[in-house]
1. Using amide H atoms built 1.01 Å from N in the peptide plane, name the residues 5+ places from B:Y149, or on other chains, whose amide H lies under 5 Å from its own.
2. Using θ = phi - 60° and the Karplus form 6.51 cos²θ - 1.76 cosθ + 1.60, what ³J(HN,Hα) does each residue of the range A:128-145 get, whole Hz, x for Gly and Pro?
3. Could you please rank B:L138, C:L21, placing first whichever residue has the fewest other Cβ atoms within 10 Å of its Cβ?
4. Dipole of the protein assembly as shown, Cα-centred, from +1 at each Lys and Arg C-beta and -1 at each Asp and Glu C-beta, to the nearest 20 debye?
5. Averaging sequence separations of C-alpha pairs under 8 Å and six or more residues apart, then dividing by the length of chain B, give the relative contact order as a whole percent.
6. Counting partner chain Cβ atoms within 10 Å of every residue's Cβ in A:295-303, what's the average?
7. So between A:D45 and A:A216, what do we pick up on full extension, going 0.36 nm a residue minus the alpha carbon distance?
8. Please work out the Kirkwood hydrodynamic radius for the range C:63-130, using every pair of different C-alpha atoms, and report it in angstroms with one decimal place.
Amino acid sequence: MANLGQIDSANMDSYEHLLQAADLDDLIQAILEHGYEVYGPTLVDKAITYGKILSSADLPQGWTDEQEGGHYRVKRRTDNAYFGYVVGPHSWKKYLQLPHRPIWKSSRQEQEVQIIEIKEDVPKLAFLGVRSCELHAIAIQDRVLIESDYPNSNYRDRRSGLFTVAVNCTTAAPTCFCTAMQTGPAVTLTSDLTMTEVLEGKRHFFLIESGTELGAQILAQLPLKPSTVEEKQQAQKGIESAETQMRQGPRHFDSSDLKELLYRNFESPSWDKVAERCLSCANCTMACPTCFCSTVEDTTDLSGENAERWERWDSCFTSDFSHITGGSVRADTRSRYRQWMTHKLATWHDQFDSSGCVGCGRCITWCPVGIDLTEEVRTIRNLEQP
Amino acid sequence: MKTIANLLHEHPFFHGLPESDLQFLASCAENCVYHEGEHLAKEDTPANHFFLIRSGRVAVETFVPNRGALCLLTLHGGDIFGWSWLFPPYISAFDARALEEVRSIRLGGACLREKCETEPRLGFELMKRFARIATERLQSARIQLLDIYGSTPPEPGTTP
Amino acid sequence: MIPEVYKVIHRQEEYPGTFTLHLESPASPPMVYGPGQFNMLYAFGTGESAISFSGLEVEEGLLVHTIRAQGTVTRALERLKKGDSLGVRGPFGRGWPLQGIEGKELLLIAGGLGLAPLRPVVYRAWQGKLKASRARLFYGARRPTELLYGDEIPHWITKLDVVMSVDHGDNAWPGHIGVITDPLQASDIDGANTVAFLCGPEIMMRFCIQVLLRKGVPESAIYLSMERNMKCAIGLCGHCQWGPNFICKDGPVFCYQDIRAWFQIHGL
């Protein structure tokens, strides 16, 4: 997959091709034939999560999700849409920045120590059904994990061969606020392929366009027909309705001054208030598609001669996270929530030239007590008023 | 040969004080040398003097039966010692002992008090100078209590 | 990043629980590093710890690290004997800014173990390489028995003004008893022409900075070395985040002017 450059695809004019929904499996098979492992949405454990896709039958066709702060349910749709839901508890980062991976193994004989890097034979990955906010999340993680003096080589290797099929959102959950973060609902970053699903009466099709050479090659293998102006308008209407839904919803806000707002409010009383509710459970950081923190674990076998180092996801909500001799620097929930939110929305700008939030709403849905990032922003702003 | 007023003038404690004030105070002051081991002040005895240390090291200490003299801080050229002469019952709270030859000027406590009473403007000026040094000493003592170089910081609630 | 294997060729106990290791790599070319940077030292099977350089890079490719045993990893490093192997990743971070000292008064202010990252600067000042108009070291420690590099300090004072202060000391102690801020306060400092490097407990650095500012040393001429939890040392793991900084790559040495906004926020 190419670098995630900015494109203007809110405009449907470039979607010249139409793929019948009945032919969606052809797309999956074409990608598989190119040697990719295909991952996409699947219905597992009563949630739409990302898993292995071998055919269109693996997709949660006809399902949708119901989301609110601290609330998630899947339910049947009245139609057979393939992508009629938004994002679930998983994000693509689990395939790019692995949740748990070996780094090195080491052995010791007498006074001699050997350390050997564990290199993964990286699979060719294809993601099917990537939302615009998620492409932005991948771009954000790229800046952290690749565009560094010392890149995470495993992430880089997995990422560099990535093939993406993005999907424009035509529906939004109440927890979605990508309009506030300017990351959607229309796909605005380069993707190998981008599709918009349309269900109109008895018709069910995808408008599809390629953003890369490889995407175009795959398109050439599919039974496509040219799209009409009317079909493009139908697709456009879907995206616009998702956009309107969010803009009129309670979670849309002006994010242009977030950095300055939070930099002024390290001592806001709102941190004490949210700390009374926050369980420091780390769910938000695990569900967040951009949270990148990790830690390492060193272990030995019983002989004491063989050791391994593993890396795993970590969270700034744990007490160990900021531990230095004598204790944790962030000893209480107030300082940890403040760290998380202020990093995501403010200090991230100084470190990586963008916000760390894409407005996907996962942290809201998967917070067991329903803490809402957008509401916290509002509270801080309101408390700042003289 | 330097007069006492010259010596007062040289000490940082009196920096910036008008010549007339120094002349006024000079009659309370005498030049005084302590040899290593000699005491400038002893705990629980009358505190008759205020000391300006010109050179040498002075240990402010207290005696612990099973450890001997326990030094709380050292004072050096440019420092002052003693404010117990300022308040009744005019009794020293700690020992002050010369760790090497100490050249000092000592001013009589009763004499200073009297001058300050008759010249309240000067009295207030000196009081401000004492208060500043007392505050600095208190801050230092607090930092010392923190035991910041220890391998574990003090337990919460035990900080002064 | 995979550690290189180094061998302990010399081990010196500074005082109980604090020791200095001299390391040599049988395979790798000498590491090029700057004073104030650090390495991640890997104790086999136990983990890594961030430890500053305490030696001279010209010491025949040796790495010198002074370590206090206070966690699992450093206690494992404490058990290393001459000939034992360990892993080394580095060098990491931004060190002391040695350019721009020429003609200035250099103040090195160290507290406790904080002398270790400043020792390479002391060496250079001693050798006259920094071309400072004057170099002084203020060193605060807990007690005379807990001083680093006690056998070297008598050599340092031949070319450097060294002022030492301990919290507790007996009659044999020739320096100050009290806190390091007192002799700093009493010293003559040409504020506008001074560059100060501080390393020690954060409380100590805070108080010393207040003294320096009162003496007219500009915020832009005050540098300090910060400590936070470090895991990856390369800005990827997030542990050492401090405001918009990663201590591991944006620090550990910061200019006070750049970080003063973050310095007073508790629990950052």
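1. none
2. These are the phi-based 3J(HN,Hα) values: 10, x, 7, 7, 4, 4, 6, 4, 5, 5, 5, 4, 5, 5, 4, 5, 7, 9 Hz.
3. Details: B:L138 11, C:L21 25.
Ranking B:L138, C:L21 by Cβ neighbours within 10 Å, fewest first, gives B:L138, C:L21.
4. Values: 81 positive and 100 negative charges, 196 e Å.
Computed about the Cα centre, the dipole is about 940 debye.
5. Numbers: 266 pairs, mean separation 40.9, N = 160.
The normalised contact order for chain B reaches 26 percent.
6. Numbers: counts 6, 5, 1, 9, 3, 3, 1, 0, 0.
Taking all residues of A:295-303 together, the mean is 3.
7. Numbers: separation 171, 0.36 × 171 = 61.56 nm, distance 3.55 nm.
Result for the pair: 58.0 nm of gain on full extension.
8. Numbers: mean 1/r = 0.0683 Å⁻¹.
About 14.6 Å, per the Kirkwood formula over Cα pairs.
Readers should treat all values here as calculations from the given coordinates under stated rules, not as data from a laboratory. Just so it is clear, the model here is predicted, and its values are computed rather than measured. Ideal geometry is used to build each Cβ from the backbone, glycine not excepted, and the neighbour counts take in all protein chains shown.
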